[in-house]
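Enquirer: Got a structure here, written out as structure tokens. Questions coming.
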Amino acid sequence: MKNLLAYFKGKLYLSIFTVCAFFLAAFILYQKLAPRDGVITTVSKSSLEKIIEINELATLDYTYNAVTTVLDESGENEKYYVAYEGIVTAGIDPSKISYDVNNKNIVITLPEAEIQSTDVKIDSLDFIFAKRKCETETVSHEAHQACMDDLKQKAAKETSLLTLARENAVNSITALLNPWITQLDEEYTVEIK
């Protein structure tokens, strides 16, 4: 139970840190791009790209608790079962975002969300052996790989994860751009597709 609480506490700190870093970056960009008295400022594709200048926009971390079966070399007989905890990270690739600025209308088209990473915590592996002889020193490596493969397959089938990740990306970009656009010129409209 302590490990579970420590895990969630760590996730909470990571989430708070990510949000703070996000707003700090927005503030710094606002300071660089904000209009100054007597200076006419326009929104351009390059100024929008500067705001969303990151390699990955991870918008969803999902924890899986699952069980997979590891088969022998013939693929017919069960060697053991492995329970595991895995994390799937989904988001969008900001380099694929397209921007169109026409008069006072900004249209941002986001790419589809994709699975960015999968990870199985090796210390979460819990075994049930069908045959005692399968319990060897190297079983963890084989089991970890089987769990990684299982998690990738399960994540690929979860279209709802990608839908939610894309919705979160829209919300994140809206939260990042709207304050900047409002300060720059309230007549601009932003549409995110």
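Enquirer: Can ILE128 be described as open to solvent by 80 Å² or more (accessible area, probe 1.4 Å), in contact with a strand residue (DSSP E or B) (Cβ under 7 Å, 6 or more places away or on another chain) and not in a helix (DSSP H, G or I)?
Expert: In short, yes.
Enquirer: What do you reckon, is VAL139 β-branched (Val, Ile, Thr) and open to solvent by less than 40 Å² (accessible area, probe 1.4 Å)?
Expert: Judged against the criteria, VAL139 is a match.
Enquirer: Quick test for you: out of GLU112, GLU85, GLU78, pick the one residue that is touching a residue at least 12 places away in the same chain (Cβ under 8 Å) and open to solvent by less than 50 Å² (accessible area, probe 1.4 Å).
Expert: Sole residue among the options that is touching a residue at least 12 places away in the same chain (Cβ under 8 Å) and open to solvent by less than 50 Å² (accessible area, probe 1.4 Å): GLU85.
Enquirer: Within the group VAL170, VAL190, which residue is in contact (Cβ under 8 Å) with a residue 60 or more places away in the chain and in a helix (DSSP H, G or I)?
Expert: When all the criteria are applied, what remains is VAL170.
The values are calculated or read from the model by the stated rules, or taken from the named source; none is laboratory data. Bear in mind the structure is a predicted one, so any value in this text is a computation, not a measurement. When we count neighbours, we look across all protein chains shown, and the Cβ atoms used for this are built from the backbone with ideal geometry, even at glycine. With ligands, DNA and RNA removed, areas are computed over all heavy atoms of the protein, side chains included. Shrake-Rupley method; radii C 1.70, N 1.55, O 1.52, S 1.80 Å.
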